[in-house]
Structures are given as C-alpha cells and as structure tokens.
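Questions regarding the structure given below will be posed in turn.
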Amino acid sequence: MLTNVAKGLPQLRSQSFTTRPRSLNAHRAGLNVRCAAGKKVVVVGGTGRVGSSTAAALKALDPDIQITLAGRSREHFETAKSNWEGLEHAVFSQCELSDADSLMKTIDGADLVVHTAGPFQRKKTCAVLEAAIATKTPYIDVCDDMEYSKMAKALSPSAEAAGIPAITTTGIYPGVSNVMAAEMVAAVKKTQDGEGTVPTPEKLEFSYFTPGSGGLGPTILETSFLLCGEEVTAFKDGKAITVKPGSYRKVQLL
C-alpha cells in the first residue's frame, strides 16, 4: 500500500558544514523509535545534504541500525561521514537513478530504503520506488512535487502486491507542513470544544525561509526554481483550484 505522509521523517540540516554538527538528541525531540538490532537502512541520495542529515537523524533515533549511503560520489560520501556524528561507520554504495540494475543491487536485502535524491520535479518514472517494489523493500521518500507523488501513488497496487509499505511526500513541505497545519486546526477545534472562545480558522499561511544561496547545495536551489515554474494546486472552499506560481506574494519589510 502506498500512501501520503502521516508522520514525516525528521530532516535536520546542519547550518554549517565546516565543522562536525552536534549529535542529534532524539529524546530531546520527544521521539522514541527503535528497530530490531542490525536492521539495514539504505538512504538513496545519502551523500547529499538532505540525505546525510536524514541518515544522521535516523542513527540518532536508533544507534543499532546499519546505514548505507547510496550516491554517485565516494568523495561526497567521505564528506558526509566527516560532517555528521553517527555516520562514522556508514558504508557507501554507488548507484545511478537511471540504472535500474544498480538501484536494485543497492536496495536488495535492506529493511528500508529512504529516497532523498531530488529534485523530484519533472521526473518521468519513480525509479527508486519501482526498484523497492521489485526487491520487496519497504520505501519512504521526501518528494515535494505533486506530479511525482501522483505517479508514486499510481504504483500502490504493485506495492500492495509486493507486500511492502510505501510512503511518499514526507519532506518538510508539503509533508510535515501539512501535518503541522492539521495539528493546528485540531488544536483550535479542541479548544473550541472545551471553552468556545477561539474562532474557527478560515485561512492558513505558510512562510518558508531559506538562508541565502551560499553553501545551500545545487539540488535545493534547482528544486526552488523548478517549483517556481509549476502551476500550483490549491484548495478554496473545499474545492481544488489551480493558481499561478508566485501568486499572492507579500513583501514584509523588517
């Protein structure tokens, strides 16, 4: 079965890659996640910023898991290991998204594959998900593109036939941001039920801040520009509508 995110994986990103980040304290975040000893997690795109930070977060949640960082560059792998505490014993697997054989070889035998190799925009296939289905490997991704998520969800019957869970769109947006919105609305409704003093939410606004462009990484920048070139599906009065990218812009002077 393939579904949209209900609970997103933490995407904790270092502010500076010149020194090793502090260890990620899972208990401080209120999380309690444990896997059976020796479970193997493959992070496709794990040598990049989002992938390596995701791998470090998973390792902080459960030190017993075995992490494989899959990517194209061993040099980037060595950088990721040195930048993130907890990845000292991670192993490298070289693979290409366009090479189905290398993907299946990398994924086969894993207990979970996490797909972080963006950008997801304008992709014609869900190569990693297809490889996960072929090898019967549980799957999760950080997709941030509606068309890609539609392609992924179209593979739900295949995932179900393979007997694996598969979850899409667990990134910061739209995954975690949607969960945050739902929780805020639920909190307001709970307050209304208890006291009846809080008005019903009519509009939710999201603001995303990306700190400049220096050191951000080419994939995140590419994703931002690609998203600015796509029409946006929004909801008004409970109905889906299409709006132009960059609509309803606001400028706030600080």
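Sorting Leu129, Leu58, Leu112 by accessible area (1.4 Å probe), largest first, what list results?
Most to least solvent-accessible, the answer reads Leu112, Leu58, Leu129.
Right, next: Where a Cα-Cα gap under 13 Å defines reach, which aspartates and glutamates qualify for Lys40, not counting those fewer than 8 residues away within the same chain?
Asp62, Asp64, Asp108, Asp111
Follow-up. How far apart, in nanometres, would the label points at Thr233 and Ser207 be if each is projected 7 angstrom from Cα along the Cα-to-Cβ direction?
My value for the distance between the label points is 2.9 nm.
Given a cut-off of 31 Å, name the pairs among Lys59/Lys123; Lys81/Lys150; Lys150/Lys190 whose C-alpha atoms lie farther apart than that in the structure shown.
Lys81/Lys150; Lys150/Lys190
Follow-up. How would you order 160-171, 39-50, 93-104 from highest to lowest mean count of nearby Cβ atoms within 10 Å?
39-50, 160-171, 93-104
With a probe of 1.4 Å, find how much accessible area the stretch 86-199 has per residue, and write the answer as a whole number in Å². Mind dumping the intermediate values first?
Numbers: 5830 Å² over 114 residues.
Result: 51 Å² of accessible area for each residue.
The values are calculated or read from the model by the stated rules, or taken from the named source; none is laboratory data. Everything quoted here is computed from the prediction, not taken from an experiment. A quick note on method: Cβ atoms are made from the backbone with ideal geometry, for glycine too, and the neighbour counts reach across all protein chains shown. Just so you know, the surface numbers come from the protein's heavy atoms only, side chains and all, with ligands and any DNA or RNA stripped out. Shrake-Rupley method; radii C 1.70, N 1.55, O 1.52, S 1.80 Å.
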